[in-house]
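To start, the structure itself, in structure tokens.
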Amino acid sequence: MTEATGAATIVDLIERACKSHRDRVAVTGVGDTLTYGELWERAQELATRLASMGVADEDLVGLLSLSSSDLVVGIVGILCAGAAWVPLDPSAPRPRLESVVRDAGLTTVVAPEHLHELATDLGVAAVAPTHTAHRADGHPARRPAPTSAAYVIYTSGSTGTPKGVVVEHRTVVEMLLWMVRALEAHPGDRYMGTASPSFDASVPITLFPLLTGGTLVTLSADVGRDPFVLTDELERFRPRVLQTAPATLRMLTEMGWAGDDALDVWTGGERTAPGVIDHVAPRVRTLCNWYGPTEATVQVSMARLRRGDHESPVGVPFEYSPCILLDEDGRATEPGELGEIFITGRSLARGYLNDPIRTAERFVSIEGPLGERVRAYRTGDLARARPDGSLVIVGRADDQLNVQGYRVEPSEIETRLLQHPAVLEAIVVARQVDLSSDLQLAAFVRTSDDVSPRSLRDFAAEALPRHMIPAIIEIVETYPVNATDKVDRQRLAAMALSTSPGAPPVNEGATELERAILDIFSSVLEAGEVSLDDDFYDLGGSSLRSLRLFMQIDDRLDVRLPLSCIAIASTPRQLAALVAEARLRGAASGPERGEEPHHEWERLLNGIWTEALGLHHISRTDSFFDLGGSRSDAHLMLDELRE
């Protein structure tokens, strides 16, 4: 595409596309459907209002929104004001949001009106991205420069607090223009992504369509966690591109997804399992495996995977972001040798916000291929290069974990657990039961008092985002150590876990339905005897296992429930109550895939959610917790449902 060539900032790219494709649909799905002309008009209105509030070049503005047309207007409007956006996940724990607001020095956020109360609680002024009847005059927005900050995304931090990565316009433009040159794209193509706006994988899938005259299809937060709903949306919108995590592709594989030979699938963030590659690659047009950390502007390489590519290669680094593999002595490795990836070139972020020490530790000076000194980001990823230059990631040089597409610093989780008065020590590792299971976070803790894993998980959830809450918490007396007397994390991850400690569960009086659910729990979780009040996540539940759980309920009990039900009914007793209610209301056959909610069962849940959350409208694919609900709210609703 020649129309993007020569643009210096993201605003330049989007403005050109908005003028060239004024009447085409730019965004649809959750929220309003907007043409390019309408998107640009709303973004300019928002930019003018922000400028009237004193927002100027290099200011940071929070974006408190889930994926929707509001999010897109917010991004473009903030950039047009010369500022940088800082994504804030409304479903994140309050301490997490407060930490980001404080560290970034935010005074203003763009947020839909139903989140203005949350913004007020966070101590910031809120501006709605919606269309207004009149334009604010007298405060023209400032255009950003190529070196201006475009966004700041917070990632897991090794010191126990999240760190903000500052990314500039020029590096995002480098990435987008490479995509324009390398990828086949046509005006009118639809693009769909499941990444959270607070995760950097959302950046290319949001911005790339807006350069090419494509249409971004926004999805509600739970779609990526429910493969049945995702396949509904794929059938409904027929996108050209689906961007999603390997964990979601694993769930699609588990349910036997038929694929779409006109669909390009973009994935990355963690290794894609061989079985997933073999299932998905032959059933889609292309399966693209992207690699790159937040600190190098999302992605620096890409490989098109084919059946049999079981090493899950990530491709040859892009020309603007050369990668150098160095051994432990700082020498460049030969093809086939193991080395740590150092990324150089024009993709590097500015550094960490308000943290020059950590910036200096990770953004270092190394010797380039011609003997010159070059700036490089030290990734911590261990890899080897194939003879053709393609990279294969094989592990980490440090303790950082990669779980379900998120880079997680275990020390941040350990720090939170150690804040519990009963916890003496905490070690967090990634654990995989078998090759067909998800990689899970497991916390092994030593305690001074009798404390339950469930209470520790709830304590962690008060401050950590969902992807950082350990799926397994095991109380131990000692840790295995290696020859140097350090905790052996590999042996810890391989340790057998206790199941149902204490006396065997007593399930006297259980109904036939409850016993059926107990049997399904035991089978899916491989947990032996299960109590009616055992929690799914306390027994090692995961997104993949929740899929298996609900598939078995559908198969054996002829009741189809949305996967999001596990959030409000995570014990056999609670889940049996939901199944009984579904049967009672005649919803055993479940809604046809892709239908609007019309069954009494869905209307009942919609009404209870709407009242509990104080909202006027809820979509069938909305997540209760993403809309501001708490676990205690969920249990109160379950009691109301029983009544």
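Taken together, 322, 317, 335 contain a single residue that is open to solvent by 10 Å² or more (accessible area, probe 1.4 Å), modelled with pLDDT under 95 and within 17 Å of residue 391 (Cβ to Cβ), which is 335. At least 2 residues being more than 30 Å from residue 345 (Cα to Cα), among the aliphatic types (A, V, I, L, M) and modelled with pLDDT of 95 or more is the threshold, and among the strands (runs of 3 or more DSSP E) wholly inside segment 251-305 those reaching it are 260-268. Within segment 184-233, the set of residues being among the aromatic types (Phe, Trp, Tyr) and touching a residue at least 60 places away in the same chain (Cβ under 8 Å) comprises 199, 228. No other residue among 553, 520 is over 22 Å from the mean Cα position of the chain (by Cα), within 23 Å of residue 224 (Cα to Cα) and open to solvent by less than 10 Å² (accessible area, probe 1.4 Å) apart from 553. Per the conditions (1) touching a helix residue (DSSP H, G or I) at 6+ places or on another chain (Cβ under 9 Å); (2) more than 19 Å from residue 158 (Cα to Cα); (3) not in a strand (DSSP E or B); (4) not hydrophobic (A, V, I, L, M, F, W, C), the sole criterion not satisfied by residue 470 is (2). Among the residues of segment 6-65, which ones are touching a Phe, Trp or Tyr at 6+ places or on another chain (Cβ under 6 Å), crowded, with 20+ Cβ neighbours inside 10 Å and more than 22 Å from residue 90 (Cβ to Cβ)? The answer is 18, 21, 26.
The number of residues in segment 122-135 being at pLDDT below 95, more than 12 Å from residue 65 (Cα to Cα) and not polar (S, T, N, Q) comes to 4.
Is it the case that residue 94 is within 25 Å of the chain's Cα centre (by Cα) and without any contact (Cβ under 8 Å) to a residue 12 or more places away in the chain? When the stated conditions are applied, residue 94 does not pass them. Of everything in segment 313-368, what is in contact with a Lys or Arg (Cβ under 8 Å, 6 or more places away or on another chain), in a loop (DSSP other than H, G, I, E, B), without any contact (Cβ under 8 Å) to a residue 60 or more places away in the chain and not hydroxyl-bearing (Ser, Thr, Tyr)? Give them in sequence order. Scanning segment 313-368 gives 335, 336, 337, 338. Given the criteria under 30 Å from residue 322 (Cα atoms), modelled with pLDDT under 90 and surrounded by 14 or more Cβ atoms within 10 Å (Cβ to Cβ), does residue 399 qualify? The answer is yes for residue 399.
Let's see how each residue does on (1) open to solvent by 10 Å² or more (accessible area, probe 1.4 Å); (2) part of a loop (DSSP other than H, G, I, E, B); (3) at pLDDT 95 or above:
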{"position": "196", "(1), (2), (3)": "yes, yes, no"}
{"position": "199", "(1), (2), (3)": "yes, yes, no"}
{"position": "206", "(1), (2), (3)": "yes, no, yes"}
{"position": "209", "(1), (2), (3)": "no, no, yes"}
{"position": "217", "(1), (2), (3)": "no, no, yes"}
{"position": "221", "(1), (2), (3)": "yes, yes, no"}
{"position": "228", "(1), (2), (3)": "yes, no, no"}
{"position": "236", "(1), (2), (3)": "yes, no, yes"}
{"position": "247", "(1), (2), (3)": "yes, no, no"}
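Look at segment 292-312: where a residue is closer than 11 Å to residue 178 by Cβ and a partner is among the polar types (S, T, N, Q), sitting 6+ places away or on another chain with Cβ atoms under 7 Å, you get 297/171; 297/347; 300/321; 300/347; 302/289. Residues in segment 502-557 that are under 23 Å from residue 444 (Cβ atoms) and assigned to a helix (DSSP H, G or I): 4 in all. Residues of segment 296-314 include none that is open to solvent by 80 Å² or more (accessible area, probe 1.4 Å), farther than 19 Å from residue 272 by Cα and not β-branched (Val, Ile, Thr).
Scanning segment 363-396 for residues that are open to solvent by 40 Å² or more (accessible area, probe 1.4 Å) and among the polar types (S, T, N, Q) yields one hit, 365. Residues that are in contact with a Lys or Arg (Cβ under 8 Å, 6 or more places away or on another chain) and within 21 Å of residue 45 (Cβ to Cβ) within segment 89-129 comprise 127, 129, listed in sequence order.
Restricted to strands (runs of 3 or more DSSP E) entirely inside segment 386-453, those with at least 2 residues that are in contact with a Pro (Cβ under 6 Å, 6 or more places away or on another chain) are 440-447.
The values are calculated or read from the model by the stated rules, or taken from the named source; none is laboratory data. Everything numeric in this text was worked out from a predicted model, so none of it was measured. As a convention, Cβ positions derive from the backbone with ideal geometry for all residues, glycine included, and neighbour counts pool all protein chains shown. When the accessible area is computed, the model is the full protein with side chains, heavy atoms only, and any ligands, DNA or RNA have been set aside. Shrake-Rupley method; radii C 1.70, N 1.55, O 1.52, S 1.80 Å.
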